[in-house]
Amino acid sequence: QVQLVESGGGLVQAGGSLRLSCAASGRTFTTYNMGWFRQVPGKEREFVAGISKSGSFRNYADSVKGRFTVSGDNAKNMVYLQMNSLKLEDTALYYCAASLVDQPTSSYAYTVWGQGTQVTVSS
């Protein structure tokens, strides 16, 4: 089974950018569709972006469309989330996740999760 480790979170001013990385280990990485989620205390985990195992399909939450870009590098077992024009409401713990379901947006479809990386956007 694949294991996931996120990195790249931090503190950034509103309007700034961050790139999150997700490193995957395991020989079966290319069989998984990948997603990014975020969660703030007291709220449910929210879908942010997803990318198919081939990289040919990508989808985004409406709240991040035009600002965030998900990408992957199967040769390096990496998935990225480029976040531009960050807003205060983007502050959350961001998770990378893997799913065997096609085009999944529900957290229930994801079976492997990283530990999360904190993103804090300040004014």
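The values are calculated or read from the model by the stated rules, or taken from the named source; none is laboratory data. None of the values given here were measured: they were computed from a predicted structure. FYI the Cβ positions are ideal-geometry reconstructions off the backbone, even for glycines, and counts take in every protein chain you see. Calculation scope for accessible area: heavy atoms of the full protein, side chains included, ligands and nucleic acids excluded. Shrake-Rupley method; radii C 1.70, N 1.55, O 1.52, S 1.80 Å.
What the table shows:
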quantity	calculated
Subset of the range 21-72 [within 19 Å of Gly8 (Cα to Cα), of a type in the set (Gly, Ala, Ser) and surrounded by 14 or more Cβ atoms within 10 Å (Cβ to Cβ)]	Ser21, Ala23, Ala24, Gly35, Ala49, Gly50, Ser71, Gly72
Hits in the range 92-111 - residues which are surrounded by fewer than 18 Cβ atoms within 10 Å (Cβ to Cβ) and farther than 11 Å from Gly50 by Cβ	Leu100, Ser107, Tyr108, Thr111
Filtered residues of the range 107-123 (kept if assigned to a loop (DSSP other than H, G, I, E, B) and under 17 Å from Arg58 (Cβ atoms))	Tyr110
Subset tally (residues that are in a loop (DSSP other than H, G, I, E, B) and surrounded by fewer than 13 Cβ atoms within 10 Å (Cβ to Cβ)) for the range 1-16	2
Some residue of the range 8-19 being out of contact with any Leu (no Cβ under 7 Å at 6 or more places or on another chain), farther than 17 Å from Thr120 by Cβ and either in contact (Cβ under 8 Å) with a residue 60 or more places away in the chain or among the polar types (S, T, N, Q) (or both)	no
Residue that is most open to solvent (accessible area, probe 1.4 Å) [pool: residues in the range 73-89 that are touching a Ser or Thr at 6+ places or on another chain (Cβ under 9 Å) and part of a strand (DSSP E or B)]	Gln82
Cβ-Cβ under 8 Å pairs, at least 6 apart or on other chains, the range 97-115 side closer than 9 Å to Asn33 by Cα, far side assigned to a helix (DSSP H, G or I)	Ala97/Ser107; Ala98/Phe29; Ser99/Ala109; Leu100/Thr31; Val101/Ala109
